[in-house]
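Below is one structure; the comments refer to it alone.
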Amino acid sequence: KELGLERENNLVVLSSRHHYFYDEEELKKVSTLINLKKLNQVKYLDEFLFTLSRVLPENTRFLGCFTDSSPLGESLLHPIKLLKHTAIRLDLLGERKRTRKKVTEILEANGFKVTDMTEKNGVTYFCTRSKSNSVRLRA
C-alpha cells in the first residue's frame, strides 16, 4: 500500500502457503511480482532468484521480505528476540540465516537491483527491479 501498488496492473502475488505454477508466457507481461514467503524459508534461494530473473521482463519490480539474522547487538537483550535469534541459528524454525548484506548480494548476483530495503517489526522488506537479460547471464 505504501508503494501505491493497490491499483497496479499486471501484478502477481506468490502465496506463502500454496504452490502455483507459471510458465514464461504468463510472466512476460508481469510488471510487479510480490513474494509473500520470507526468503529465510526458501531452501534454494539462489536457484529461485536465478529462475525468476531469467523469466521476468526487464524493470519488473520484485518485492519480498526476510528476517535479518545478523547480530542485533543491544536488541538481543530482549528475551523474545534472543530466543528467536537462537532458534534461527539452530535452524529450529526451518529458516535459513539471512543478513541484509547477504540478501543484497544474492539479489544483485541474480539480476536484481535493490531500490529499497526497510525493516519493520523485525522483518526486512525489499523492493528490487530486474535488470536486462544480458546482465543476468551467469559465467
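Residues that are closer than 19 Å to residue 2 by Cα, among the hydroxyl-bearing types (Ser, Thr, Tyr) and part of a loop (DSSP other than H, G, I, E, B) were ranked within the stretch 27-63; the one that is most open to solvent (accessible area, probe 1.4 Å) is 31. Taken over the stretch 98-112, the criterion of being open to solvent by less than 40 Å² (accessible area, probe 1.4 Å) and not β-branched (Val, Ile, Thr) is satisfied by 98, 107, 110, 111, 112.
Across the stretch 104-138, the qualifying residues are those that are of a type in the set (Ser, Thr, Tyr) and not in a strand (DSSP E or B), and the one among them that is modelled with the highest pLDDT is 104. Out of contact with any helix residue (DSSP H, G or I) (no Cβ under 6 Å at 6 or more places or on another chain), of a type in the set (Phe, Trp, Tyr), at pLDDT 60 or above and open to solvent by less than 30 Å² (accessible area, probe 1.4 Å): is that true of residue 66 in this structure? No: the conditions fail for residue 66. Report yes if some residue within the stretch 9-32 is of a type outside the set (Gly, Ala, Ser) and at pLDDT 90 or above; otherwise report no. The answer is yes, given that some residue of the stretch 9-32 is of a type outside the set (Gly, Ala, Ser) and at pLDDT 90 or above.
The values are calculated or read from the model by the stated rules, or taken from the named source; none is laboratory data. Because the structure is predicted, anything quoted here is derived from the model rather than measured. Positions of Cβ are generated from backbone atoms using ideal geometry, with glycine treated the same way; all protein chains shown enter the neighbour counts. We work out accessible area using only protein heavy atoms, side chains counted, and drop any ligands, DNA or RNA first. Shrake-Rupley method; radii C 1.70, N 1.55, O 1.52, S 1.80 Å.
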